[in-house]
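To start, the structure under review is shown below, and the notes come after it.
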Amino acid sequence: MSFNIALSGLQATTQDLNTISNNIANASTNGFRGGRSEFASIYNGGQAGGVGVMSTTQNFSQGGSLTYTGRQLDMGIQGEGFFVLKGSDGGAMYARAGMFHKDSEGFITDPVGSRLQGYSVNATGQLQAGNVGDLQVQTGSLPAKSTTKVGLVSNLDARVEPIAVAFDPKDINTYHSIGTSSVYDSLGAEHVVTQYYVKTAANEWTVNYTLDGALVTLPPLPPVTIPPTPPTLLTTKLKFDTNGVLVPPPAPPAPPGTNATKQSLDLTLSNGATNLKFDIDFDKSTQYAAKYNNSSLSQDGYTSGELKGVRLDDNGMLYGTYTNGQDQLQGQVVLANFSNPNGLSAVSNNAWVATNTAGQAITGAPATGTMGTVTGGYLEGSNVDTTAEMVNLMTAQRNYQSNAKVLDVNSTMQQALLNAI
C-alpha cells in the first residue's frame, strides 16, 4: 500500500511540476494567466490511497501589468473581459493578448490571422451597436466635406469711435478690425472669408465680407432702371447691450436691418463646385474695452485626405486618422465576459475557447457593465509571479524527493524480506 501511495505522490508532483514549468515558461507571454495545481487526498474504504490532482485552475482574479509599446493597434485590457476573435474556421476564441495589426484588406487581426470582433459602422459613419462582426479599417480616401457652419467668438473694442464713411476693404480707415476664416467647397478647395468690423454707433457694429478678396454682395435684383442699380453689400448688424453682451435678434419675423447673431451666406463659385452655403455664428462675441481678439474659431469643412494611421479610445472606439487632420470612426472593439472564466479551455496562440462550464459569453462595449477598459498602444503582460513560482518549484522538488525516498525505503524493506526468506 505504501508503494502505491508514494507512486501517487510522484504522479501528482509531476503534474504540479508541469504546471509550474508552464507558468515559468510563459512569464513573458502577453495576456497569459498563471495556473495552479489543486490536490486532493484519496481514500479507499477508509484506507489512505495517496493524493491526486483535482484540477489545474488559472488565475483570472489578477491582471497583468500594462506595458507601453507605442504601436497603434496594440491593445491592453484593464479590468475584466476578453477580446473576441474569429478564427480561420469561423469559431469564436477569446484572448487577453492585444497584439493586433491590419491585414492586406484592412481587417484587424492577431499574429496568426484571427480577426478581431467589434461593432461596425454604416455608410454614413454611424456606429451599429449590437451588430458584431469583423473590425475593418477602410483604406480609401476620405472625401471632402463642404463647410456648413463657421463659429466665431470675438471681442470688439468698445473704446473706438464710430466711422461714418463708406466701407472700402482697401482703405483701413473705413473699418476697425479684420478677421479671416478658411472654408472648403464641395471639391475640397479652400477659400478665405474675411470679416470687416465697422463700429457705426454706440454699441452697434456692421460686418462686411469678402470671399477670396472679392466683396460679397446680395443677389442682384432685376434691372428696373438704366443703368442698373449697383450691387448691395451683404452686411450683418451686431448690437451689444450696456454690459458688452451680444443682443439676440428679435423673434421672427424680424424687420430688415435688425441686429443678428448669425449670418447665412450662399456664394457662387467659379471652379465647378456647388454653391458654398454656410452660416457664420457670432454668438458669445463681446464688446469690452479691450483690443480686438478672436478667442475661438471653428468650421466643419475639410479637404479630402488619405489614411495615415489609426487610434483607439479607452471606450474601444477605433478611428482612422487622415492626412487632412480628420478622424473617421471605423468601429468599436467589443469585449466578452463569462460567469466562470475558469471554465474556459486554453488553446494555443494566447487564446481560450468557451465551454459549458464557463457559461454563456456576455458581450458589450468596454467600460460598460462588468467590462474593463481598453487602452491603445499598450500590451498586458503575464500575471505570473516568477519569485513565487521558484518557491513552488523548490517545494515540488522536495515533495518529489520525499515520495521517491518512500519508494526507496519500501524497495529496501521488500528486498530485506526476500533475503530473510
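The values are calculated or read from the model by the stated rules, or taken from the named source; none is laboratory data. No experiment lies behind these values; they were computed from the predicted model shown. Ideal geometry is used to build each Cβ from the backbone, glycine not excepted, and the neighbour counts take in all protein chains shown.
Within the range 190-203, being under 26 Å from Lys277 (Cα atoms) and crowded, with 16+ Cβ neighbours inside 10 Å holds for His191, Val193, Thr194, Gln195, Tyr196, Tyr197, Val198. Once the range 83-114 is narrowed to residues that are surrounded by fewer than 22 Cβ atoms within 10 Å (Cβ to Cβ) and among the basic types (Lys, Arg), the residue that is nearest to Gln328 (Cα to Cα) is Lys102. Only residues that are farther than 13 Å from Asp16 by Cβ, surrounded by 14 or more Cβ atoms within 10 Å (Cβ to Cβ) and of a type in the set (A, V, I, L, M, F, W, C) were counted across the range 382-400, and they come to 1. Only one entry of Thr19, Thr29, Thr13 meets the criterion of being outside the structural domain of Phe82 (by the TED database), surrounded by 13 or more Cβ atoms within 10 Å (Cβ to Cβ), in contact (Cβ under 8 Å) with a residue 12 or more places away in the chain and more than 21 Å from Arg398 (Cα to Cα), and that entry is Thr29. Return yes or no: is Ala260 surrounded by 15 or more Cβ atoms within 10 Å (Cβ to Cβ), at pLDDT below 90 and either out of contact with any strand residue (DSSP E or B) (no Cβ under 7 Å at 6 or more places or on another chain) or not in a strand (DSSP E or B) (or both)? Considered against the rule, which asks whether it is surrounded by 15 or more Cβ atoms within 10 Å (Cβ to Cβ), at pLDDT below 90 and either out of contact with any strand residue (DSSP E or B) (no Cβ under 7 Å at 6 or more places or on another chain) or not in a strand (DSSP E or B) (or both), Ala260 comes out as yes.
Out of all the residues in the range 61-76, is one or more of a type in the set (Phe, Trp, Tyr) and crowded, with 16+ Cβ neighbours inside 10 Å?
No, the range 61-76 contains no residue that is of a type in the set (Phe, Trp, Tyr) and crowded, with 16+ Cβ neighbours inside 10 Å.
A single member of Asn342, Asn403 is of a type in the set (S, T, N, Q), touching a helix residue (DSSP H, G or I) at 6+ places or on another chain (Cβ under 7 Å) and surrounded by 13 or more Cβ atoms within 10 Å (Cβ to Cβ), and it is Asn403.
Report yes if Val183 is over 26 Å from the mean Cα position of the chain (by Cα) and crowded, with 17+ Cβ neighbours inside 10 Å, otherwise no. Criteria met by Val183. Pairing residues of the range 335-360 that are in contact (Cβ under 8 Å) with a residue 12 or more places away in the chain with residues that are surrounded by fewer than 19 Cβ atoms within 10 Å (Cβ to Cβ) and of a type in the set (Phe, Trp, Tyr), at Cβ distances under 8 Å and at least 6 apart in sequence or on separate chains, gives Pro341/Phe60; Asn342/Phe60.
When residues in the range 104-145 are screened for being among the small types (Gly, Ala, Ser) and outside any strand (DSSP E or B), 9 of them pass.
Residues of the range 41-52 that are part of a strand (DSSP E or B) and out of contact with any helix residue (DSSP H, G or I) (no Cβ under 9 Å at 6 or more places or on another chain): Ser41, Tyr43, Asn44, Gln47. The strands (runs of 3 or more DSSP E) falling completely within the range 361-421 that include 2 or more residues that are of a type in the set (Ser, Thr, Tyr), on the phi < 0 side of the Ramachandran plot and in contact (Cβ under 8 Å) with a residue 60 or more places away in the chain map to 373-376. When Asp314, Asp281 are checked against the criterion of being surrounded by fewer than 19 Cβ atoms within 10 Å (Cβ to Cβ), among the acidic types (Asp, Glu) and assigned by the TED database to the domain that holds Gly79, Asp314 stands alone in meeting it. For Leu379, are the conditions met, namely being at pLDDT 95 or above, among the aliphatic types (A, V, I, L, M) and buried (at least 18 other Cβ atoms within 10 Å of the Cβ)? Spelling it out, Leu379 is indeed at pLDDT 95 or above, among the aliphatic types (A, V, I, L, M) and buried (at least 18 other Cβ atoms within 10 Å of the Cβ).
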